[in-house]
Amino acid sequence: MLPSPASAPSRHAPERHRRGSPGLRRVNLALFVAGLTTFMSLYCTQALLPALSQFFRVSPTTSSLLVSLTTGTLALAVIPVSALSERFGRTRVMLVSSAVAAPLGLLIPLCPSFPALAAVRALQGVALAGVPAVAMAYLADEVHPEALGGAMGRYIAGNTVGGLAGRLLPGFVTDLAGWRWGLAATALA
């Protein structure tokens, strides 16, 4: 019996990355780093809220907007950005997201006022949305099912390590050199 067209592999479908392949190692590393840098950027102001509150003379509640605005705008942007990935491709969306978020991160330590800092953080949330919006779908498209669970776990591990590093790195640097250097260190990393 011949396989039905639906079950037969397409001649035009690219081979998915299999366990142990160099391609899978590159995908795992790239998505781990993408998750790490995304969540590091997302949470980089959290440990600095007391210093930022004092520097800008705003209440602790107001300073917490620097985390809430970024996570909130990221959450709002995830669905439209995921729709863009259907049109322009998942890889392109993640690359553009990273390319826009990085310079925004470099602007953060230069912000002269709290409203400017809040605005850049809100824009950064939108820019960061490209990675979490499409990473899992990208993995499902690119990785063979036998290796998919591990690849997704590595991406999630990158998110977790990034969230932790985003709290620790700027905190340590801020203690040594001030909040601007703390946020600059995060952006450079």
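The values are calculated or read from the model by the stated rules, or taken from the named source; none is laboratory data. Bear in mind that the values here come from a model prediction, so they are computed numbers and not experimental data. Counting neighbours? That spans all protein chains shown, and the Cβs are built from the backbone with ideal geometry, glycine included. Remember, those area values only see protein heavy atoms, side chains included, never the ligands or the DNA or RNA. Shrake-Rupley method; radii C 1.70, N 1.55, O 1.52, S 1.80 Å.
Each Lys and Arg Cβ is given +1 and each Asp and Glu Cβ -1; about its Cα centre, region 86-158 then shows a dipole of about 240 debye.
With a sphere of radius 11 Å drawn around the Cβ of Glu146, what net charge do the other residues whose Cβ falls strictly inside it have (Lys, Arg +1; Asp, Glu -1)? Write down the numbers at each step before the final one.
Working: positive: Arg16, Arg18, Arg19; negative: none.
Around Glu146, the charge tally is +3.
Within 12 Å, Cβ to Cβ, of Gly182, how many net charges do the neighbouring residues add up to if Lys/Arg are +1 and Asp/Glu are -1? Net charge around Gly182: +1.
Given a 1.4 Å probe and every protein chain left where it sits, what share in percent of the accessible area of the chain is carbon and sulfur?
Details: 7060 of 10350 Å².
Looking at the chain in its full context, I get 68 percent from C and S.
Here is how the number arises for the chain: DSSP H runs of 4 or more residues each give -39500 (n - 2.57), the sum is divided by the residue count, and the result at 222 nm is -26000 deg cm²/dmol. What you get for the chain, charging only the Cβ of Lys and Arg (+1) and of Asp and Glu (-1), is a dipole of about 180 debye around the Cα centre.
Normalising by residue count, region 21-84 has a Cα convex hull of 92 Å³ per residue. Per the Debye formula on identical point scatterers at the alpha carbon atoms of region 45-150, with no solvent, log10 I(q)/I(0) at q = 0.10, 0.14, 0.17, 0.25 Å⁻¹ is -0.36, -0.61, -0.79, -1.23. Counting only protein heavy atoms and a 1.4 Å probe, the chain has 55 square angstrom of accessible area per residue. Hydrodynamic analysis of region 71-132 uses the Kirkwood radius over alpha carbon pairs. Inserted into Stokes-Einstein at 4 °C and 1.567 mPa s, it gives a translational diffusion coefficient of 110 µm²/s. Toward the positive end of the charge dipole of the chain, with +1 on the Cβ of Lys and Arg and -1 on the Cβ of Asp and Glu, the farthest Cα among Leu164, Thr45, Phe32 is that of Phe32.
Could you compute the net charge surrounding Pro22? Neighbours are other residues with a C-beta less than 15 Å from the C-beta of Pro22; K and R count +1, D and E count -1.
Numbers: positive: Arg16, Arg18, Arg19, Arg25, Arg26; negative: Glu15, Glu142.
Local net charge: +3.
Projecting the Cα atoms of Ala184, Gly89, Ala77 onto the charge dipole of region 64-189 (Cβ charges, centred on the Cα centre) puts Ala184 farthest toward the positive pole.
Could you sort the peptides 40-50, 63-73, 168-178, 19-29 by per-residue average Cβ neighbour count (10 Å cutoff), highest mean leading? Can you show the working numbers first?
Details: 40-50: 22.5, 63-73: 18.6, 168-178: 16.0, 19-29: 13.8.
With the highest mean Cβ count within 10 Å placed first, the list reads 40-50, 63-73, 168-178, 19-29.
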